[in-house]
Amino acid sequence: MVQHNNVSKTLRTIQVTCAVVWCLLVAGPSFGFAALKPVLVSEGVYKEYCTSKEIEDNVGICQQQELKLNMIFTIAAVMTNVTALIVGPILDSYGPKVCGIIGALLITLSCLTLRSAVTIHAFDAYIVGYTLLAVGGPFTFISSFQLSNTFPDNSGLILALLTGAFDASSAVFLFYKVAYEKSGGAFHIYDFFTLFLVVPVFILLAQIFIMPHESYVTMKELALESLDIHEATSSESVDVTEETALLETTGNLSVSGVPTYLDNGKDNGHISHSHVDELEQNSGVWGVLHGLPILGQLKTPWFYVMLAFTAIQMLRINYFVATVLSQYAYLLGSFEKAELLNNFFNVALPLGGLIAIPIIGVLLDTLSTFSVMALMLVVSTCVGCFGLIPNSIIAGYLNISLLVVYRPFYYTAVSDYAAKVFGFDTFGRVYGLIISISGVFNLLQAFLDRTTHKHFKGNPTPVNIFLLSSTIVFGATLLVYIRTQIKHIKRKQLEVEAERAPVLTMP
């Protein structure tokens, strides 16, 4: 582990700057698929799947072509979430430099595959190339979070910068789309991904010559090291400070659905009783499963009810990202109006994450876990209802505006729930399982897409009603369970307090 005070301030600043730059470019550009999709259509990708009648009618995008294009994003979204479970152990075992280099190599392969996809016939190069880009993102993004410890006094700011860069990276393909249109279609996919090769080369050079071989030491580890030294020279018992206790509960963070491993996950030190009481009072569920073996935790409704709710939310969000254009082309009865909403979505998606960060922080700091989950359900229900309104472009704008803010709120709230309920001894594994299983569940996107086109003639309303209904059912189940358990916990606390109370006897 590297201590920040052993590295010059200039070098640490350069390291953080490099990480923010590459996170802006490759942390999560695959989520900007809605902007890339029109370019792929214009370039004739999968045009061979169109029928002669569709070509004669000059449709904006034909049915089989859209299904194939949407499959690109479906597989990439699944692999992004599954990769998050893999990166953590690699980061723990081999360090951030190795993770960064792996990410750079994956992105290089992605660029080489996508730039030549039109000439590759041995496999579907668009799916493979886009998936490699999606998988490379978590390797570069997650390994960067340890840099928050380069400047401990400003660790929150650095985390916010990296998180904001992740959210903003979905705009990469928006800028490409603008450049493509400005060039009159002359800035082809081959040209873009040839130019984009500069990014993984930059990451590789930065990892070799600038970035640390090991992760920076966290404030918690420094405090514990200091505590060990003090205990070695003093026989008096020493308590960890409240600042260290706070870091004990926030040593691992997760932002926009990607778990990070800033710590080794071991619960060292002691948390002050006052801090524990504060956390319990604020959240209502803090510590409910702390200390239990992971298998015991996974068998409780705390895990599988949240898993069901998370899976349906992720499916809804990613299904919308892949199909926003076709959904509104049907709901508005106009491909031109749908393009307006699609363009708005392309801009709003990266901005939504940036705008939501401070709001999310305040909500999670001030509201109980039950209130946070209730707010999630309310907002998600509103998003679903707006998405059912036909012939209203205003409802479309409201739907998109709420969705792009709800997306980072949902991911962060789920990780906050996992941390408070399960604890950090098992956080990486529990949260990783929730996200990974939900990611695999997203393969249902393809089925929903086919159902919409083949059985409902392109009408997205039946599928959206199903997704909204599932959200309400699983969300309400989760809220009822949390409320029931909170009452049970409070009753147990009162019983314990009553047992501990001194017995008053008459003199």
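The values are calculated or read from the model by the stated rules, or taken from the named source; none is laboratory data. Because the structure is a prediction, the values reported are computed rather than measured. Glycine gets a Cβ as well: all are built from the backbone with ideal geometry, and neighbour counts include every protein chain shown. Heavy atoms of the whole protein, side chains included, go into the accessibility calculation; ligands, DNA and RNA do not. Shrake-Rupley method; radii C 1.70, N 1.55, O 1.52, S 1.80 Å.
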State, in angstrom, two size descriptors of the stretch 369-507 derived from its alpha carbons: Rg to one decimal place and Dmax to the nearest whole number. 21.3, 85
Most to least packed among 132-140, 171-179, 117-125 [average Cβ atoms within 10 Å]: 132-140, 171-179, 117-125
One can check that the equivalent ellipsoid of the stretch 320-431, built from the alpha-carbon gyration tensor with semi-axes equal to the square roots of five times its eigenvalues, has lengths in Å, largest first, of 32, 13, 12
Distance between modelled label sites at residue 476 and residue 154, nm, 7 Å Cα→Cβ extension: 5.0
Just report the Cα centroid separation between the stretch 334-375 and the stretch 454-501, whole Å. 22
Label-point gap, in nm, between residue 21 and residue 51 - each point 7 angstrom along Cα→Cβ: 5.2
Can you give the extra length, in nm with one decimal, that the chain gains between residue 397 and residue 201 once fully stretched, where that is 0.36 nm per residue apart less the Cα-Cα distance? 66.7 nm
What ranking do 185-197, 463-475 get when scored by the average of other Cβ atoms within 10 Å per residue, highest first? 463-475, 185-197
For the stretch 5-130, accessible area per residue (1.4 Å probe, heavy atoms of protein chains only), Å²: 42
Report Rg (one decimal) and Dmax (nearest whole number) for the stretch 355-404, counting Cα atoms only, units Å. 12.9, 39
Round to the nearest 10 and give me the degree value, 0 to 90, for the angle of helix 461-500's Cα axis relative to the longest principal axis of the chain. 0
Compute the long axis of helix 444-454 from its Cα atoms, compare it with the longest principal axis of the Cα atoms of the chain, and write down the angle in degrees, 0 to 90, nearest 10. 30
Under 5 Å from the placed amide H of residue 2, counting only residues 5+ away or on other chains, we find 215, 216, 217
log10 I(q)/I(0) for the stretch 96-221, Debye formula on C-alpha points only (no solvent), q = 0.14, 0.16 Å⁻¹, two decimals, reads -0.70, -0.86
So if the hydrodynamic radius of the chain is defined as the Kirkwood radius over C-alpha pairs, what does Stokes-Einstein give as its diffusion coefficient at 25 °C and 0.890 mPa s, in µm² per second? 101
Give the peptides 312-321, 349-358, 363-372 in descending order of average Cβ contacts within 10 Å, highest first. 312-321, 349-358, 363-372
To the nearest 10 degrees, how steep is helix 96-115 against the longest Cα principal axis of the chain, on a 0 to 90 scale? 10
Accessible area per residue in Å² at 1.4 Å probe, computed on the stretch 281-401: 39
Taking a ≥ b ≥ c as the square roots of the eigenvalues of the Cα gyration tensor of the stretch 324-380, is the shape rounded (a/c under 1.5), prolate (a/b larger than b/c) or oblate? oblate
Per 0.36 nm of contour for each residue apart, how much would the distance between residue 359 and residue 213 grow if the chain were fully extended, relative to their Cα-Cα spacing? 49.1 nm
Return the ratio Rg/(2.2 N^0.38 Å) for the stretch 37-149, where Rg is computed over Cα atoms only. 1.32
Rg (Å, one decimal) plus Dmax (Å, integer) for the alpha carbons of the stretch 4-91? 20.5, 69
